[in-house]
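Q: What follows is a structure written as structure tokens; I'll ask about it next.
Readers should treat all values here as calculations from the given coordinates under stated rules, not as data from a laboratory. Remember, predicted model here, so these are calculated numbers, not experimental data. Here the Cβ is made from the backbone with ideal geometry for all residues, glycine too, and neighbour counts use every protein chain on show.
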Amino acid sequence: MSQRFEGRTALVTGAASGIGRASARRFHAEGASVVIADVQEDAGAAVVDELGDRAVFVRTDVSDESSVAAAVDAAVATFGRLDVLYANAGVMGALGPISKLRAEDIESTIAINLRGAIYSMKHAVRVMQPRGSGVILATASPAGLVGGVGPHVYSATKAGIIGLCQSVAAEIRPYGLRANAIVPGSILSQMTADISTGQVKDLDAASVALKDSDLLDRNGLPEDIAAAAAFLASDDAQFVTGSTFNVDAGYTHAPGDSP
Ligand code: NAD
């Protein structure tokens with residue numbers, strides 16, 4: 001494996017599981033030191049045990065700004081610098097028809113998926129900008145681009161992630177920093193397993209999104225997203241910023257067969 005991140009540090013939120021864990025593994029395999037930032041302590045510690053050196057777990061609740069700030073500071077204190085932020089933590093959150101959504105579920109979904117990404121970017125840029133380099137990534141969703149494939153608040157937060165990345169990309173470009181949103185299709189992870197095994201109820205709309213696995217006759221895997229994240233975070237993507245990068249087997253923009 002190439003060593004595109006040798007001497008660099010990546011902080012990944014939601015890295016105890018799924019897409020975040022696969023991305024942390026990929027950054028690490030390509031030479032990065034990694035900060036596993038997640039609310040799940042045992043699972044996060046297990047990722048660090050697996051990776052061995054150049055990895056730390058920092059318990060982080062992205063909905064709490066002081067927690068995010070501490071994780072960013074821990075990255076710098078432990079490894080001397082922060083080169084990559086992957087703001088990936090997210091939850092499906094509030095479910096059901098718009099007329100039945102509960103205020104506390106709306107708030108908690110926005111707090112984790114959107115405010116969490118804003119806090120993460122705020123504090124990453126705080127330490128990246130003075131160094132004049134750094135890459136921000138965040139996980140959006142097809143639900144942020146088209147209707148009917150995800151719960152309402154989830155969709156709104158993922159559309160928000162795309163707007164946030166574009167807006168931040170414009171601000172940070174003069175300082176040598178980049179920001180891009182990744183749009184995963186249906187990826188096998190705890191989130192989709194919860195849906196498909198029925199642990200999450202009342203989610204007909206989101207289960208439609210799982211059908212994009214049919215487009216390539218295989219499931220999308222966290223490693224598919226990790227490979228894209230590694231590209232976007234690397235110097236190979238120096239000319240890529242403000243983009244919305246689909247990794248979805250064509251589900252969002254090319255879902256049908258050829259005529
Ligand atoms: P996952 O459930 O496996 O991982 C999500 C991780 O986020 C978990 O480790 C969880 O502990 C962590 N997390 C939740 N709340 C947190 C908080 N407050 N602070 C810190 N960490 C928190 O699911 P995944 O599929 O790997 O999801 C990762 C991201 O990808 C999410 O943003 C999700 O919306 C997005 N996404 C997933 C799919 C898919 O099909 N799996 C598709 C599109 C987008």
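Q: Hey, can you grab everything whose amide H is under 5 Å from the amide H of residue 247? Only 5+ residues off in sequence or another chain; H modelled, so Pro and N-termini drop out.
A: HN-HN under 5 Å from residue 247: 183, 185.
Q: Still on this structure: Say R0 is 30 Å: what FRET efficiency, to the nearest 0.05, do residue 193 and residue 240 get from their beta-carbon distance?
A: 0.45
Q: Could you line up 158, 100 from fewest to most neighbouring Cβ atoms inside 10 Å?
A: Sorted ascending by nearby Cβ count, the order is 100, 158.
Q: Once you treat every alpha carbon in the range 73-192 as an equal point and sum by Debye, what is log10 I(q)/I(0) at q = 0.11 Å⁻¹?
A: At q = 0.11 Å⁻¹ the computed log10 ratios are -0.40.
Q: While we're on this one: In µm²/s, what is D for the chain at 25 °C and 0.890 mPa s, where D = kT/(6 pi eta Rh) by Stokes-Einstein and Rh is the Kirkwood radius from Cα pairs?
A: 135 µm²/s
Q: Each residue of the range 170-182 in turn: what ³J(HN,Hα) in whole Hz from Karplus with 6.51, -1.76, 1.60 and θ = phi - 60°, glycine and Pro shown as x?
A: Result, ordered by residue: 5, 5, 8, 3, x, 9, x, 10, 10, 9, 9, 9, 9 Hz.
Q: If you don't mind, another one. Could you work out [θ]222 nm for the chain from helices alone, using -39500 (n - 2.57) per DSSP H run of at least four and dividing by all its residues? Round to the nearest 500 deg cm²/dmol.
A: -12500 deg cm²/dmol
Q: What shape does the range 93-150 have by the C-alpha gyration tensor, where a ≥ b ≥ c are the square roots of the eigenvalues, rounded means a/c under 1.5, and otherwise prolate means a/b greater than b/c and oblate the rest? Please list the in-between numbers first.
A: Numbers: a/c = 5.75, a/b = 2.12, b/c = 2.71.
Oblate, since a/c reaches 1.5 and b/c is not below a/b.
Q: Rounded to the nearest 0.05, what FRET efficiency do residue 258 and residue 77 give with R0 = 45 Å and r taken as the Cβ-Cβ distance? Could you check? Present the calculation step by step, with values, prior to reporting the outcome.
A: Numbers: r = 54 Å, r/R0 = 1.19.
For residue 258 and residue 77, the calculated efficiency is 0.25.
Q: Now for a different question. Going by the alpha-carbon gyration tensor, a ≥ b ≥ c the square roots of its eigenvalues, is the range 1-84 rounded (a/c under 1.5) or, if a/c is not under 1.5, prolate (a/b greater than b/c) versus oblate?
A: Because a/c hits 1.5 or more and a/b fails to exceed b/c, the range 1-84 counts as oblate.
Q: Give me the extension gain from residue 217 to residue 98: residue separation times 0.36 nm, minus the current Cα-Cα distance, reported in nm with one decimal.
A: The residue 217-residue 98 span can extend by a further 39.5 nm.
Q: Which of rounded, prolate or oblate describes the range 122-194 when judged by the alpha-carbon gyration tensor and an a/c cut-off of 1.5? If you can, show how the numbers build up before the last one.
A: Details: a/c = 3.09, a/b = 2.14, b/c = 1.45.
The shape class here is prolate.
Q: Taking amide hydrogens as modeled 1.01 Å from N in the peptide plane, which residues meet the under 5 Å criterion relative to residue 60, leaving out close sequence neighbours?
A: When sequence neighbours closer than 5 places are left aside, the close amide H contacts are 38, 39.
Q: So between residue 167 and residue 107, what do we pick up on full extension, going 0.36 nm a residue minus the alpha carbon distance?
A: Working it through step by step, the gained length comes to 19.3 nm.
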